[in-house]
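S.K.: Got a structure for you, questions after.
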Amino acid sequence: RELVEAMNGTIMVQNNSGRGSRFIVTLPFKKEDFEGAEVNEIPVHDFTEMSNKVQVVIDNLSDDDATFEHSTLSISETPVVLVVEDNKELALFIANSLSSQYTMLLAENGKAGYEMAKKHSPDLIISDVMMPELDGIEMCRLLKNNLYTSHIPIILLSAKAQVENQLEGLQSGADDYVPKPFNLELLKAKVSNTIEARLRLRAMFTSQKELPRNLGNGQSLDDKFLSKLYEVLEASYTNPDFSVELFADAMFVSRSLLYKKLKALLDLSPNDFITVYRLKKSLPLLMSGEMSINEVAYTIGFNDPKYFSRVFKKFYKMTPSEYIVQQ
């Protein structure tokens, strides 16, 4: 009763002779039903973000040895493509057609495809739309709203060729939509182009001398992850004791997930990402001429100026001194 009254509600009891009692609880839900001090104006947390944080906690509790980060990655040297298709003949036809260039995985429906994507983290998913248990559209939504799989590009195949059907597929997060019947060469080209485009995006961070100006300002889960990534590192890169463990804690993800997402999005390990970020931060300081090389090294979080010079040369193919002269 005290709990109900604390929430501005009421509780009533009806006695039914011979059949027990019936309790009726009424709770208000409109803003005007509460006084100003009782209204919480703090924005509601994003459900997807919270569910991903809960998943991280579950993973950390169930993972016997979460420190072995490499175990979550595919050992295949060729890109891995997952085909999700309930028509076995068509699934085998697609798999056989692509097997010379890619490592192929098969799933018989959206539910199995979702689980295989979480387990194997393929480089691309080709999925039918109309399937039992879980259709391709819903599987796509689940994958794109799960931080563990949101980076995986998806191509949907469907006999539903109307514009509204294609729009629904793309709005669910799919990267492309191919109507059935499809041309095999066209599908091969789309698979190749999609994987190549992801590889180019992964290489952009290391190939550019300066930090990107657009630090993940989009609305996708991966854009938000990148934005948070840069935000955390911008606040911490000057700390020489900033470790992968602290990085993962600040991102509220496990070490294994941090490793997996950074490799998928930027092709860097967490340690390498921290180092490259610091190196990029060193460039304007070196060019300003206001600090010595040793001072720059300490300013950006290196304990040892000699180590800074070694990694600088390894990354930029010249020493800090040579960089200053060249510029």
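The values are calculated or read from the model by the stated rules, or taken from the named source; none is laboratory data. None of these values were measured; they are calculated from a predicted model. Note that each Cβ is placed from the backbone with ideal geometry, even for glycine, and that neighbours are counted across all protein chains shown.
S.K.: Looking only at region 72-91, count every residue that is at pLDDT 95 or above and over 26 Å from the mean Cα position of the chain (by Cα) and tell me the total.
M.R.: Selection size over region 72-91: 0.
S.K.: How many residues are surrounded by fewer than 18 Cβ atoms within 10 Å (Cβ to Cβ), of a type in the set (S, T, N, Q) and either in a helix (DSSP H, G or I) or touching a Gly at 6+ places or on another chain (Cβ under 7 Å) (or both) if we restrict to region 139-185?
M.R.: 2
S.K.: Can I ask one more? Quickly run through region 168-204 and pick out the residues that are in contact with a Cys (Cβ under 8 Å, 6 or more places away or on another chain) and over 25 Å from Leu262 (Cβ atoms).
M.R.: Gly169, Ser172
S.K.: Still on this model: Looking at region 242-270 only, could you name the residues that are over 14 Å from the mean Cα position of the chain (by Cα) and farther than 20 Å from Gln208 by Cβ?
M.R.: Phe242, Ser243, Val244, Glu245, Leu246, Phe247, Asp249, Ala250
S.K.: Considering Leu186, Leu143, which residue is of a type outside the set (Phe, Trp, Tyr) and touching a Phe, Trp or Tyr at 6+ places or on another chain (Cβ under 7 Å)?
M.R.: Leu143
S.K.: Another question about this same structure. When you check Phe247 against the structure, is it free of Cβ contacts under 8 Å to residues at least 60 places away in the same chain, aromatic (Phe, Trp, Tyr), out of contact with any Asp or Glu (no Cβ under 8 Å at 6 or more places or on another chain) and assigned to a loop (DSSP other than H, G, I, E, B), yes or no?
M.R.: no
S.K.: Return yes when Lys261 is under 19 Å from Val80 (Cβ atoms), outside the structural domain of Ser127 (by TED's automatic domain parsing) and of a type in the set (Lys, Arg) and no when it is not.
M.R.: Taking the combined requirement at face value, the residue satisfies it.
S.K.: Would you check if Leu199 is modelled with pLDDT under 90, in a helix (DSSP H, G or I), closer than 19 Å to Ala264 by Cα and outside the structural domain of Thr275 (by TED's automatic domain parsing)? So that I can check it myself, show each step before the final result.
M.R.: Numbers: modelled with pLDDT under 90: yes; in a helix (DSSP H, G or I): yes; closer than 19 Å to Ala264 by Cα: yes; outside the structural domain of Thr275 (by TED's automatic domain parsing): yes.
It is true that Leu199 is modelled with pLDDT under 90, in a helix (DSSP H, G or I), closer than 19 Å to Ala264 by Cα and outside the structural domain of Thr275 (by TED's automatic domain parsing).
S.K.: Quick check: anything in region 194-208 among the hydroxyl-bearing types (Ser, Thr, Tyr), surrounded by 14 or more Cβ atoms within 10 Å (Cβ to Cβ), in contact (Cβ under 8 Å) with a residue 60 or more places away in the chain and under 29 Å from Phe315 (Cα atoms)?
M.R.: yes
S.K.: A further question on this structure: Could you say whether any residue in region 261-282 is within 30 Å of Ala117 (Cβ to Cβ), basic (Lys, Arg) and either in contact (Cβ under 8 Å) with a residue 12 or more places away in the chain or surrounded by fewer than 19 Cβ atoms within 10 Å (Cβ to Cβ) (or both)?
M.R.: yes
S.K.: Hey, another quick one. Which residue is surrounded by the most Cβ atoms within 10 Å (Cβ to Cβ), if the candidates are limited to region 298-327 and must be among the hydrophobic types (A, V, I, L, M, F, W, C) and in a helix (DSSP H, G or I)?
M.R.: Phe312
S.K.: Among the residues of region 211-219, are any assigned to a helix (DSSP H, G or I) and on the phi < 0 side of the Ramachandran plot?
M.R.: No, region 211-219 has no match at all.
S.K.: Can you name the residue in region 91-111 that is assigned to a helix (DSSP H, G or I), free of Cβ contacts under 8 Å to residues at least 40 places away in the same chain and of a type outside the set (D, E, K, R) and is also farthest from Leu187 (Cα to Cα) among such residues?
M.R.: Gly110
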